[in-house]
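The values are calculated or read from the model by the stated rules, or taken from the named source; none is laboratory data. Owing to the predicted nature of the structure, the values given are computational and were not obtained by experimental measurement. Every residue, glycine among them, receives a Cβ derived from its backbone with ideal geometry; neighbour counts consider all protein chains shown.
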């Protein structure tokens with residue numbers, strides 16, 4: 001029997017994530033705890049990663065500038081994902097701006113205290129204005145000085161607020177003649193509204209060029225996209241992470257190592273949480289490295305012709321520097 005326990009609050013998940021009870025793993029019984037908000041954030045940054053909308057390839061282009069509306073638990077997890085994965089060939093710190101209400105200030109301060117090294121990974125800024133009522137002048141000023149937003153993630157407490165805030169800011173963008181800005185609206189799907197409008201939204205597509213310029217809004221339905229057998233039970237988010245770990249094991253075996261001589265030779269299912277996370281972080285950035293090289297990952301049985309990777313020595317050097325920055 002396998003048991004999966006979903007924890008909705010990141011703080012509670014952090015307290016119990018390493019509890020010995022949740023390390024129970026045998027052929028007869030296994031129990032696993034997973035954080036809903038972290039899982040949703042990882043999935044969102046897989047299907048709607050910032051570099052799918054804009055990718056700075058050199059320092060002549062504007063740096064990545066990610067906007068988040070609200071400061072609910074999901075927003076905090078997505079900011080962490082941005083810090084972990086937003087490493088691009090321009091080798092600059094990405095900008096992260098949060099637009100939230102004044103009453104969120106205490107939560108913002110606690111978040112900064114919880115992640116003291118965040119400032120080494122992103123240029124983090126908070127603007128305390130209500131996303132629903134922000135003045136057009138302030139909205140325009142936030143993107144002044146050659147620093148337009150690259151993409152906006154909306155995760156307010158209530159779905160209707162998220163939808164209306166994204167539509168209003170997109171309308172202000174058009175009226176003020178501001179640059180194109182894609183909005184990713186993350187829907188909680190935990191109210192009657194979700195049942196009514198569920199069929200109104202198209203599935204999320206990795207090809208963002210199909211989005212209309214007039215209303216470049218996507219709706220990421222958190223339950224449908226994340227809380228599923230494929231993601232929760234089959235660990236689809238960790239397919240590449242497992243592949244990386246298995247490749248490491250194969251390398252050790254080729255060198256004559258055994259579990260008796262090397263304690264690192266552990267099956268993925270038996271890995272401690274911190275080692276799984278290390279592989280997850282490496283895997284999360286792999287897709288970005290591929291896209292920076294003009295490549296994508298496909299299943300091994302896909303008929304699409306393969307190509308050399310890295311594509312040349314210059315590309316290899318860029319990727320090596322990217323990985324070094326990510327690893328640090």
(message) Condition check: outside any loop (DSSP other than H, G, I, E, B) and closer than 26 Å to residue 48 by Cβ. Does residue 289 satisfy that?
(response) yes
(message) Restricting to segment 233-247, name every residue that is in a helix (DSSP H, G or I) and more than 19 Å from residue 264 (Cα to Cα).
(response) 233, 236, 237, 239
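Take the residues of segment 256-278 that are in a helix (DSSP H, G or I) and without any contact (Cβ under 8 Å) to a residue 40 or more places away in the chain: which is nearest to residue 90 (Cα to Cα)? I'd like the intermediate steps shown before the answer.
Initially, segment 256-278 is screened for residues in a helix (DSSP H, G or I), giving 268-270, 273-278.
Retained after the next criterion (residues that are without any contact (Cβ under 8 Å) to a residue 40 or more places away in the chain): 268, 274-278.
Details: 268: 34, 274: 29, 275: 29, 276: 29, 277: 26, 278: 24 Å.
Per the criteria, the residue is 278.
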(message) Given (1) assigned to a helix (DSSP H, G or I); (2) out of contact with any strand residue (DSSP E or B) (no Cβ under 7 Å at 6 or more places or on another chain), identify the lone condition not met by residue 143.
(response) (1)
(request) Among residues belonging to segment 1-27 that are modelled with pLDDT of 75 or more and part of a loop (DSSP other than H, G, I, E, B), point out the one that is farthest from residue 225 (Cα to Cα). (result) 9
(request) Name, by its number, the condition in (1) over 20 Å from residue 55 (Cα atoms); (2) surrounded by 20 or more Cβ atoms within 10 Å (Cβ to Cβ) that does not hold for residue 96. (result) (1)
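On the given criteria, is residue 320 at pLDDT 75 or above, part of a loop (DSSP other than H, G, I, E, B), within 20 Å of residue 240 (Cβ to Cβ) and within 24 Å of the chain's Cα centre (by Cα)? Explain how you work it out, then say what you get.
Working: at pLDDT 75 or above: yes; part of a loop (DSSP other than H, G, I, E, B): no; within 20 Å of residue 240 (Cβ to Cβ): yes; within 24 Å of the chain's Cα centre (by Cα): yes.
When the stated conditions are applied, residue 320 does not pass them.
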(request) Take segment 202-225 and flag every residue that is part of a helix (DSSP H, G or I) and within 15 Å of the chain's Cα centre (by Cα). (result) 222, 225
(message) For the condition in the same structural domain as residue 166 (by TED's automatic domain parsing), over 29 Å from residue 319 (Cβ atoms) and not in a helix (DSSP H, G or I), what is the one hit in 126, 108?
(response) 126
(request) Run down 45, 34 and say which single residue is under 15 Å from residue 236 (Cα atoms), modelled with pLDDT under 90 and not assigned by TED's automatic domain parsing to the domain that holds residue 273. (result) 34
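Can you tell which of 121, 156 is without any contact (Cβ under 8 Å) to a residue 40 or more places away in the chain and buried (at least 20 other Cβ atoms within 10 Å of the Cβ)? Steps first, please.
Values: 156 fails: without any contact (Cβ under 8 Å) to a residue 40 or more places away in the chain.
After applying the criteria, what remains is 121.
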